[in-house]
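Undergrad: One structure is given below, represented as structure tokens, and several questions about it will come after.
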Amino acid sequence: MIDVSQALAELHAHKSHVELAIQSLEALSYSTANQKRRGRPPKALKSLAIANVISMASGKRRGRPAGSKNAPKVVAVKKKITRTPAQRKAQAAKMRAYWAAKKKAS
């Protein structure tokens, strides 16, 4: 024969599971029935954390992929052009001729 206190404990546990299922279904039906509802969700939805359950069910992670924060930054360094005095003189002469031709054309 089954112990009465043990049977009562099992029934109370089953009752709490059924109540929780009813609450979650009511919350889901409330959220889908009122699609145009705006503002902060009611406390019942917040306490059940339905949004977390739905986001976990989708399996998608948001944000950066793991390990991308500490990736080394590669900065391209532009090499400085070094010229000899003779090269600078030749370049200056070329630029003077260029600007003189531009001035003459206009």
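Rule-based calculations on the coordinates, nothing more; no lab input. Keep in mind that this is a model prediction, so the values were computed, not measured. Positions of Cβ are backbone-derived with ideal geometry, glycine not excepted, and every protein chain shown enters the neighbour counts.
Undergrad: Please give, to one decimal in nm, the separation of the simple spin-label points placed at Ser5 and Lys94, each 7 Å out from Cα toward the Cβ.
TA: Each label point lies 7 Å from its Cα, and together they span 10.2 nm.
Undergrad: Would you mind computing, in nm to one decimal, how far apart the modelled labels at Lys15 and Ala101 are, each placed 7 Å from Cα along Cα→Cβ?
TA: 10.0 nm
Undergrad: Let me ask you something else. Which order do the peptides 77-85, 19-27 come out in when sorted by mean C-beta neighbours inside 10 angstrom, highest first?
TA: For the peptides 77-85, 19-27, the packing ranking is 19-27, 77-85.
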